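Undergrad: Got a structure for you, questions after.
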Amino acid sequence: MSLAVTSTSRGRHYEALPVAIFLVLALAPLAAAFGAETYLLGLFTRVMIYGIAALALDFICGYGGLVSFGHAAFVGIGAYTAGIFSAHGITDMAITLPVALLVSALFAWLTGTVCLRTKSVYFIMITLAFGQMIYFVAGSLSPYGGDDGMTLKLRSTLFGFPVLQNDRALYYAVLVFLLASYLLCRAIVASRFGRVFRGARDNPTRMATIGYDVFRYQRVAYVIAGCLGGLSGFLLANATEFVSPSFMSWQRSGELIIMVLFGGIGTLHGAIVGAAAFLLLEDMLGGITENWKLIFGPMLVLIVLFARGGLLGLTQSLWERLRRG
Amino acid sequence: MAEPVPNPVLRIENLRKSFGGLVVTDGVSLDINAGELHAVIGPNGAGKTTLINQISGTLEPSSGAIYLNGDDITALPPNRRAERGLARSFQITSVLPRFSALENVALAVQARSGSSYQFIGRADRESALNDAAMQALTEVSLDSRADILAAHLSHGEKRALELAIALAMQPKLLLLDEPMAGTGPKESERLIVVLQRLKGRFAMMLVEHDMNAVFALADRISVLTYGRILASGAPAAVRADPAVMTAYLGEELE
Amino acid sequence: MSLTLLIVQTLNGLQFGVLLFLIAAGLTLVFGVMDFINLAHGVQYMLGAYLAVMFYALTGNFLIALVLALAAALLLGLLLEFTVFRHLYDRDHLEQVIATFGIILFLNQGVKVVWGAAPLSLPIPDMFAGTIVLSPGILYPIWRLMIIGAGLAVALILYLLVSRTRVGMLVRAGATHARIVSALGIDIRRLFMIVFGFGTMLAAFAGVMIAPILSVEPGMGDSVLILAFVVIVIGGIGSMRGAFIAALLIGLVDTLGRSFSIDILRLIMPPSPARTVGPAIASMLIYVLMALVLYFRPAGLFPAKGR
Amino acid sequence: MLRVDNLAASYGPAQVLFDISFSVNDGEVVTLIGRNGMGKTTTIFTLMGLLPATGGAATFDGLSLAGLPPYSIAQAGIGLVPEGRQIFPTLSVEENLIATSASRFGKAQWTLNRVYDFFPSLAARKSNMGNELSGGEQQMLAIGRALMTNPKLLILDEATEGLAPMIRTEIWNCLTKLKQEGQAILVVDKHLNSLMKIADNHVVIEKGRVVWTGTSVALAADATVKQRYLQV
């Protein structure tokens, strides 16, 4: 586990980073550029939405050692729940959001029961396969657009009020959800439960011999991560007003892992930075050439080969090198 | 020393384990009574660790039965055995490297006190957990190193930490798999003193190569060779047993 | 659900199965020997198809195109091994996944740039065009039979290679004790290059063989790759026999499930919901199968590792 | 033949070998002895290139082993019988012998038939899988497997561990025979009495350092060495 950063050994001044991240996100729409360009507002909304999914993935991957390659499935489930309800004229998120979370949790519980019986590379491949399963199931839902997906008639409402209709309102709603998810994950990591979950990554045999049923703890964590994935999908459907199987393709799952890796695994706030880095980079490279993947692909290879610990790790080591002179 | 009691803490009946064609545990039966320290010695590869793994539940026996306080635990997973009061240390140090010494022990305390399905509230600030953990660390003289990451402890300290983890579980039976392995003479002596202090509080099974430790601590000794018990009895009797002399001690002690 | 259709679909399933086996074989060998998870294995299959199309356009001869495509795919594969993969063997699986994912992005896009995004096709060689009468009333395309035959032949050759040759022994030995193999004088990296090159050629071969009946397009390797993962997970990673059996199983279950799910559901529900639910269930079948196998045997049907 | 000078090695941040020096000459049997965890197996690992040396030097027949990968070291003529035997479980006995066999220095001394003559019990089980053998048979197979590489130097790491006395005797007899044929051998083991009968020189290791080197006669005479470093 060369990538994982110790959770306890990080310095105090890194507390400043998450605060800064959320301050920037809170103030960004006030900046002039955002006033004129709804495009940037939309981009940052997406950053935060993917930030939630990446956060969830970092939670199980960075703290539990569970490398899931099917996390986009939960994003898809959340999005499709919103979409299918909307197709039947139900948009009130007092109903739709709990259902989206519940369906995600159920899927996580069922697949987790199988996946978590296996280890390492088996786990990667099986989560990948289950993700693909959901992808194909969504593609075969012909009443809901099949492979083409479908447009949402209306963004979610709350008790009948169209609270998310305004882009800026949506932005701040997403920010609140992101902040809540972040704080929740942080709390869990430090809690009794989180300590058991982290211990299970370090040494499952030891954890079993002091009396913990490792599998059950991991499954609960997997369900939590699944719910957050579902939340992210639910918000994504609202932001794009569109759902499609492509939300849960295996490339999406890969991209979520890349976001986590970009930000530096096992930090939580790093996942948000990673999501921002990934989406902004995609946007930027995409602006230069439509074949941006020709640049991006090799870049990934180079990052793996040369920059261990992600962007935060990289800046951290550069910073330390500078300070040492 | 220990009186024969009708209901031993641990009873193993005719345990067998084979890997492919290799029989590693070949019909082992033994008892450990309350408060007794029962040492299991034997040359490397005699199947001592395999035996401990079967008792603690990380390895499934091919046949035979294991009873803890009279209950059949042969089919229980390790965590359920731990809940019933079975604790162990490992031959190759097995701690959580990215947790502090205190946290390593606190996790064991946590397993015994209340639910671990608590998702909020910082576990590292729960004084009930920390105090009990600190007490266990003190018992193995590791209290001054409580905040050091386990990965950064010296080898001897890690062995002591394993012991503290086991203590924090408030065990009825403690399995010690070569606690002295790889420790220097001074550290060994310190560990012997610690173990002497703990003796009598719970039943212990000690697997060890260090004969100084074995003869200083054991109430009873069983000699394991080729997966079978060659001799079992009081230390003096075992030491005098000619079969043991040739098969094990004779060779090793010259 | 006629008997004719059942026979034809069973053959289709078999054909799909051997195709999956060709891809899974390389994947399982590479993973077995080097503990290396190579997502980019699927693009080798795609490259095989594209290279065959290209060489066919140049030469007009299918056989020559096949040989050239295999050689070129091998070269490309070895180039990748040399420049990227060999630096990843000692890394953890997560890093291997990301780096090989990067290669997929690059090659999928690269193919688009070189050959365009539109699907290409490769004609069936004249000799094998048309259909054959299997029994009165049952026609079956010759080329699909060719694929089944070629796949089974490759499986046999692989079986002989793995069970009878020294390289095969070393591959099996390396799957459990790579360090010892190395300490006994075998250059395990070179052994791996051989295995890797061979796996690459098998995937490319699958791509060439399927090109005449599927459209050749960017990303065609991706979904096949994931099915190949399902195959090796069910079969037990590192096990050739497991890969073979699992591949045929998956091929049959998937193909038959897709053809008959609606019919079967109509026995228990009205036609209209059956038409909706059928495809969804069919697309889940193989994953449910995987879940069942792993629930009872977490290391697959024929675990190669362990004691 | 083999010369080791001031070899040092570490597992991660922990240095385990500090100063290991000894040599093995043609036809000689040398032992590495010492208590558990003193660095004997680590010395073998480092020699074979399985663990990088952090200091010192090792030369074999004039060839520097520094930085060479394990297979090159083996190809130079060192045959390893690893600790724990490490038989290939999914290969038959015969395949275990053939898979890594080689003759790099002229005509092969060791052939399949000769190994079977040497270990008749292997011949009887040649089509059994590696994991179907008993401990003693596995040990013979591990030795046979190393001999099939026709090494100049044979290294045995804890070859009698966990074996019954009769089988242990058989292994010692076979080493004696090999010695008579002029095979150079480096042995890591604990059974002093048996070792003293066949070995020319002994190297005592304590906490990653060589603390004593000498002949069997000298070792027999030196009670303090035995007491200080070898007794359990």
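Undergrad: Taking N as the number of residues in region C:174-224, what is its alpha-carbon radius of gyration divided by 2.2 N^0.38 Å? Provide the component values of the computation, followed by the final result.
TA: Numbers: Rg = 16.4 Å, N = 51, 2.2 N^0.38 = 9.8 Å.
Compared with the compact-globule rule of thumb, region C:174-224 sits at 1.67.
Undergrad: So what is Rg over Rh here for region D:2-230, counting just Cα atoms and using Kirkwood for Rh?
TA: Numbers: Rg = 17.1 Å, Rh = 17.9 Å.
Rg/Rh for region D:2-230 comes to 0.95.
Undergrad: For C:Ile7, what accessible area in Å² do you get when you roll a 1.4 Å probe over the heavy atoms of the protein chains, rounding to the nearest 10?
TA: Accessible surface of C:Ile7 is approximately 60 Å².
Undergrad: Sticking with this structure for a sec: Note the buried accessible area between B and A here, summed over both chains, with a 1.4 Å probe, in Å² to the nearest 100.
TA: Values: alone 12360 and 15690 Å², together 24980 Å².
Separately minus together, B and A give about 3100 Å² buried.
Undergrad: Filter the chymotrypsin sites (Phe, Trp or Tyr not before Pro) in region A:141-212 to those in DSSP coil with at most 10 other Cβ atoms within 10 Å of their Cβ, and list the result. Present the calculation step by step, with values, prior to reporting the outcome.
TA: Values: sites: A:Tyr144, A:Phe159, A:Tyr171, A:Tyr172, A:Phe177, A:Tyr182, A:Phe193, A:Phe197, A:Tyr212; in loops: A:Phe159, A:Tyr212.
Of the chymotrypsin sites (Phe, Trp or Tyr not before Pro), the ones in loops of region A:141-212 whose Cβ has at most 10 other Cβ atoms within 10 Å are A:Phe159.
Undergrad: Determine the percent antiparallel among the DSSP beta bridges restricted to chain D, to the nearest 5. Before the final figure, lay out the partial values.
TA: On the way: 22 of 40 bridges.
Taking every DSSP beta bridge within chain D, about 55 percent pair in antiparallel fashion.
Undergrad: In whole percent, and with a 1.4 Å probe on the protein chains, what portion of the accessible area of the protein assembly as shown is carbon and sulfur?
TA: Working: 26140 of 42650 Å².
Accessible surface attributable to carbon and sulfur in the protein assembly as shown totals 61 percent.
Undergrad: Okay, next question. What longest range of chain A stays clear of loop-exposed GluC sites (Glu not before Pro) (DSSP non-H/G/I/E/B, at most 12 other C-beta within 10 angstrom)?
TA: Numbers: sites that count: A:Glu37, A:Glu290.
Result for the longest clean stretch: A:38-289.
Undergrad: Which trypsin sites (Lys or Arg not before Pro) does region D:123-230 hold that lie in a coil by DSSP with at most 13 other beta carbons within 10 Å? Mind showing how you got there, number by number?
TA: On the way: sites: D:Arg125, D:Lys126, D:Arg145, D:Lys152, D:Arg168, D:Lys177, D:Lys179, D:Lys190, D:Lys197, D:Lys207, D:Arg209, D:Lys226, D:Arg228; in loops: D:Arg125, D:Lys126, D:Lys152, D:Lys190, D:Lys207.
The qualifying sites: there are none.
Undergrad: Assuming 0.692 mPa s and 37 °C, estimate D for region C:7-296 with Stokes-Einstein, Rh taken as the Kirkwood radius over Cα pairs, in µm²/s.
TA: Values: Rh = 20.0 Å.
D, rounded to a whole number, is 164 µm²/s.
Undergrad: With the Cα gyration tensor of region A:15-291 in hand, convert its eigenvalues to equivalent ellipsoid semi-axes via √(5λ) and list them largest first in whole Å. Each step should come with its number before you reach the end.
TA: Values: eigenvalues 170, 100, 63 Å².
Rounded to whole Å, the semi-axes are 29, 22, 18.
Undergrad: Further question on the same structure: So which lysines can C:Lys112 reach, going by Cα to Cα under 26 Å and dropping same-chain residues fewer than 8 places off?
TA: A:Lys293
Undergrad: For region B:91-144, treating each Cα as an identical point scatterer without solvent, what Debye log10 I(q)/I(0) comes out at q = 0.20, 0.29 1/Å?
TA: So the normalised log intensities are -0.73, -1.26.
Undergrad: While we're here: Work from the charge dipole of the protein assembly as shown (Cβ charges, +1 for Lys and Arg, -1 for Asp and Glu, about the Cα centre) and give the residue of D:Met1, C:Tyr56, A:Val137 farthest towards its positive end.
TA: Final value for the positive-end residue is A:Val137.
Undergrad: Tell me the per residue accessible area of chain B using a 1.4 Å probe; a whole number in Å² is fine. Provide the component values of the computation, followed by the final result.
TA: On the way: 9980 Å² over 254 residues.
I get 39 Å² per residue for this part.
Undergrad: In terms of modelled amide H atoms, which long-range or inter-chain residues lie less than 5 Å from the amide H of A:Phe242?
TA: HN-HN under 5 Å from A:Phe242: A:Leu152.
Undergrad: In addition: Mind checking Rg over Rh on chain B, alpha carbons, Kirkwood formula for Rh? Write out the running numbers ahead of the final one.
TA: Numbers: Rg = 18.3 Å, Rh = 18.8 Å.
Answer for chain B: 0.97.
Undergrad: What ³J(HN,Hα) values, in whole Hz, does the Karplus curve 6.51 cos²θ - 1.76 cosθ + 1.60 give for region C:100-107 when θ = phi - 60°, with x put for Gly and Pro?
TA: Each residue's phi maps through the Karplus curve to give 6, 4, x, 5, 4, 4, 5, 6 Hz.
Undergrad: Additional query: Please enumerate, by chain and number, the aspartates and glutamates with C-alpha under 19 Å from the C-alpha of B:Lys17, excluding those fewer than 8 residues away in the same chain.
TA: Output for B:Lys17: B:Asp26, B:Asp31, B:Glu60, B:Asp72, B:Asp177, D:Glu132, D:Glu137, D:Glu161.
Undergrad: Also, quick follow-up: Give B:Lys48/B:Lys172; D:Lys126/D:Lys197; B:Lys48/D:Lys197 a once-over and call out the pairs whose C-alpha atoms are over 26 Å from each other.
TA: Values: B:Lys48/B:Lys172 20 Å; D:Lys126/D:Lys197 32 Å; B:Lys48/D:Lys197 29 Å.
Exceeds cut-off: D:Lys126/D:Lys197; B:Lys48/D:Lys197.
Undergrad: A further question follows. D for region D:9-102, whole µm²/s, Stokes-Einstein with Kirkwood Rh over alpha-carbon pairs at 20 °C and 1.002 mPa s: what number? All intermediate terms of the calculation are to be shown ahead of the outcome.
TA: Working: Rh = 15.0 Å.
After rounding, the answer is 143 µm²/s.
Undergrad: A further question follows. Can you classify region A:129-236 as rounded, prolate or oblate using the Cα gyration tensor, where a ≥ b ≥ c are the square roots of its eigenvalues, rounded means a/c under 1.5, and otherwise it's prolate if a/b beats b/c and oblate if not?
TA: Details: a/c = 4.01, a/b = 1.61, b/c = 2.49.
Verdict is oblate for region A:129-236.
Undergrad: Right, here's the next one. Any chance you could check the Cα centroid distance between region D:191-220 and region A:197-270 for me, in angstrom?
TA: So the separation of the two Cα centres works out to 57 Å.
Undergrad: Just give the residues from region C:104-127 buried by at least 50 square angstrom of accessible area in the all-chains context relative to the isolated chain, probe 1.4 Å, and say none if nothing qualifies.
TA: C:Leu105, C:Phe106, C:Gln109
Undergrad: Rounded to the nearest 500, what is chain B's calculated 222 nm mean residue ellipticity when only DSSP H runs of at least 4 contribute -39500 (n - 2.57) each, over all residues? Spell out each step's value before the answer.
TA: On the way: 9 runs with 85 residues, N = 254.
Mean residue ellipticity, 222 nm, calculated: -9500 deg cm²/dmol.
Undergrad: Quick one: net charge of D:Val29's neighbours, Cβ under 14 Å, K/R +1, D/E -1? Please list the in-between numbers first.
TA: On the way: positive: D:Lys152, D:Lys177, D:Lys179, D:Lys197; negative: D:Asp26, D:Glu28, D:Glu181, D:Asp189, D:Asp200.
Result for the local shell: -1.
Undergrad: Once each part is reduced to its C-alpha centroid, what is the distance from region D:41-110 to region A:167-185 in angstrom?
TA: 60 Å
Undergrad: If I take the Cα coordinates of the protein assembly as shown and project them onto the principal axes, what are the three extents in Å, biggest first?
TA: Over the protein assembly as shown, Cα extents along the principal axes are 94, 75, 68 Å.
Undergrad: Among bridges DSSP assigns within the protein assembly as shown, what percent are antiparallel (round to 5)? It would help to have the intermediate numbers written out before the result.
TA: Working: 51 of 87 bridges.
In the protein assembly as shown, approximately 60 percent of DSSP beta bridges are antiparallel ones.
The values are calculated or read from the model by the stated rules, or taken from the named source; none is laboratory data. Bear in mind that the values here come from a model prediction, so they are computed numbers and not experimental data. No Cβ is skipped: glycine too gets one built from the backbone with ideal geometry, and neighbour counts run over all protein chains shown. Keep in mind that these areas ignore ligands, DNA and RNA; they rest on the heavy atoms of the full protein, side chains included. Shrake-Rupley method; radii C 1.70, N 1.55, O 1.52, S 1.80 Å.
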